[in-house]
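Right, I'll just put the structure down here and ask away after.
The values are calculated or read from the model by the stated rules, or taken from the named source; none is laboratory data. What you see is a predicted model, and the numbers here were worked out from it, not measured in a lab. As a convention, Cβ positions derive from the backbone with ideal geometry for all residues, glycine included, and neighbour counts pool all protein chains shown.
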C-alpha cells in the first residue's frame with residue numbers, strides 16, 4: 001500500500017543563508033530554524049544552537065572527538081529497549097534529569113520536594129491494599145511505611161494514588177530479571193479519607209545503575225562508581241494537584257554523598273526504627289521488621305503554575321529581562 005506523499009515546503013525568499021563561514025554559521029542556522037510560528041520551539045532551538053555552537057568554539061571540538069560522540073550516542077540507542085532507556089541513564093549521570101525535574105516542578109519550603117524519576121519505573125504496577133506487600137517473599141527485610149498525604153496547610157488528600165517501586169535485596173529491579181512475568185517490588189496504594197496510607201515493602205539497599213553499556217563505560221572513563229544509595233521511589237497523583245515524583249533515601253548510606261545520578265536531597269533522608277510488638281501484631285509482621293513514618297505534602301496545580309512563573313521570571317531576568325513567558329511560565333521567542 002503506497003504511502004501518501006507529503007508536500008515539502010518551498011524555499012522562503014525572505015530567509016536566506018548568506019556569507020557562510022565559521023563566524024556566521026550560528027545566525028544562519030537560527031534563521032533557517034525560525035520559519036514557523038511556535039514561539040516556545042523557536043526559543044528552545046535558538047538557545048540550543050547558540051549553546052551547541054559556543055561549546056564547540058570554546059572547546060575547539062575536533063572532527064575525531066565529534067565522531068566519537070556520535071558513535072557514543074549511537075551505541076546508547078542500540079542498547080535501548082522497552083525496559084531499558086540508556087538515554088535517561090545518560091541524562092541522570094550528568095545531573096540533567098534532577099535539574100529538569102526541579103525546574104519543571106518547583107516546590108515551596110512547605111511541600112515535599114521532588115527528585116528524578118530514574119530508568120526503572122513501569123506502567124504495569126497494580127493496586128495493593130494496606131494488608132498486601134508490594135514485594136514477594138524473600139526479596140528483602142520487611143518494611144512498613146505509614147504516613148499522611150496533605151496539602152501545605154495540613155488538610156488531608158483522599159483517594160490519591162501513590163506509585164512505589166524499589167530494588168530487591170540483590171540490588172536489582174524486577175525488570176532486570178530475564179524471567180520477569182509481572183510487576184514485583186512495585187505497586188500502587190490509595191490514601192484514605194484522612195489522607196493516611198500504609199505501605200508494606202522492603203528495606204531498601206544500595207545498588208549500581210546498569211553499567212554494562214555506553215553510560216557505564218563513560219563512568220569508568222571518568223573514574224566514577226555506578227552506585228546509588230538505598231532509596232524508594234514514589235509518584236504521587238491527586239486530582240487538582242501537581243504530580244510529585246520523588247524518592248526517600250536511607251540516611252548514612254555509604255553512597256549518600258556520591259549518588260551516581262545526583263538524586264539525594266537532604267530533605268528526603270530518612271531513618272528507620274524497629275517495627276515493635278504493637279505495630280507488628282496489628283499488621284501481621286515481626287517486631288524486628290522495620291518501620292518508617294513519613295508524611296508527604298503536595299501543592300495544587302495553580303500553586304505550581306504560579307510558583308513556576310515566579311521562579312522562571314527571576315531566572316530569565318538574569319539573562320534578558322525582555323524575554324517573555326508563556327501561559328505555562330516558560331520563556332518564549334518574540335515572533336514580532
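Yes/no per residue for (1) surrounded by fewer than 16 Cβ atoms within 10 Å (Cβ to Cβ); (2) touching a residue at least 12 places away in the same chain (Cβ under 8 Å); (3) not in a strand (DSSP E or B):
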position	(1), (2), (3)
158	yes, yes, yes
162	no, yes, no
167	no, yes, yes
189	no, yes, no
194	yes, yes, yes
198	no, yes, no
201	no, yes, no
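Can you tell me how many residues within the range 89-108 are part of a helix (DSSP H, G or I), touching a residue at least 24 places away in the same chain (Cβ under 8 Å) and touching a helix residue (DSSP H, G or I) at 6+ places or on another chain (Cβ under 7 Å)? Steps first, answer last, please.
Filtering the range 89-108 for residues part of a helix (DSSP H, G or I) gives 89-93, 96-104.
Checking the rest, the ones that are also touching a residue at least 24 places away in the same chain (Cβ under 8 Å) come to 89-90, 92-93, 97-98, 101, 103-104.
With the extra rule that they be touching a helix residue (DSSP H, G or I) at 6+ places or on another chain (Cβ under 7 Å), the set shrinks to 89-90, 93, 97.
Qualifying residue count for the region: 4.
If residue 37 meets every condition in (1) loosely packed, with under 15 Cβ neighbours inside 10 Å; (2) free of Cβ contacts under 8 Å to residues at least 40 places away in the same chain apart from one, which number is that one?
All conditions are met except number (2).
Find all pairs meeting these conditions: Cβ atoms under 7 angstrom apart; at least six residues apart or on different chains; first residue within the range 304-318 and without any contact (Cβ under 8 Å) to a residue 60 or more places away in the chain and on the phi > 0 side of the Ramachandran plot; second residue surrounded by 11 or more Cβ atoms within 10 Å (Cβ to Cβ) and not in a helix (DSSP H, G or I).
Partner pairs satisfying both residue conditions: none exist.
Yes or no: residue 232 over 19 Å from residue 172 (Cα atoms), surrounded by 18 or more Cβ atoms within 10 Å (Cβ to Cβ) and within 14 Å of the chain's Cα centre (by Cα)?
no
Could you tell me which of the residues 205, 215 is touching a helix residue (DSSP H, G or I) at 6+ places or on another chain (Cβ under 8 Å), touching a residue at least 40 places away in the same chain (Cβ under 8 Å) and not in a strand (DSSP E or B)? Outline the logic, then answer.
Working: 205 fails: touching a helix residue (DSSP H, G or I) at 6+ places or on another chain (Cβ under 8 Å).
One residue alone meets the criteria, 215.
The rows are residues; the columns are (1) part of a helix (DSSP H, G or I); (2) modelled with pLDDT of 95 or more; (3) loosely packed, with under 13 Cβ neighbours inside 10 Å; (4) in contact with a helix residue (DSSP H, G or I) (Cβ under 7 Å, 6 or more places away or on another chain).
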| site | (1), (2), (3), (4) |
| --- | --- |
| 43 | yes, yes, no, no |
| 52 | yes, yes, no, no |
| 65 | yes, yes, yes, no |
| 68 | yes, yes, yes, no |
| 110 | no, yes, yes, no |
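Here is a follow-up. Would it be correct to say that residue 179 is out of contact with any strand residue (DSSP E or B) (no Cβ under 7 Å at 6 or more places or on another chain) and in a loop (DSSP other than H, G, I, E, B)?
Numbers: out of contact with any strand residue (DSSP E or B) (no Cβ under 7 Å at 6 or more places or on another chain): yes; in a loop (DSSP other than H, G, I, E, B): yes.
For residue 179, the condition - out of contact with any strand residue (DSSP E or B) (no Cβ under 7 Å at 6 or more places or on another chain) and in a loop (DSSP other than H, G, I, E, B) - is met.
Within the range 246-262, how many residues are within 18 Å of residue 185 (Cβ to Cβ), in contact with a helix residue (DSSP H, G or I) (Cβ under 8 Å, 6 or more places away or on another chain) and either in contact (Cβ under 8 Å) with a residue 40 or more places away in the chain or exposed (fewer than 15 other Cβ atoms within 10 Å of the Cβ) (or both)?
The qualifying residues number 3.
Residue 171 - would you say it is in contact with a helix residue (DSSP H, G or I) (Cβ under 9 Å, 6 or more places away or on another chain), surrounded by fewer than 21 Cβ atoms within 10 Å (Cβ to Cβ) and more than 20 Å from residue 100 (Cβ to Cβ)?
No; evaluated as a whole, the condition is false for this residue.
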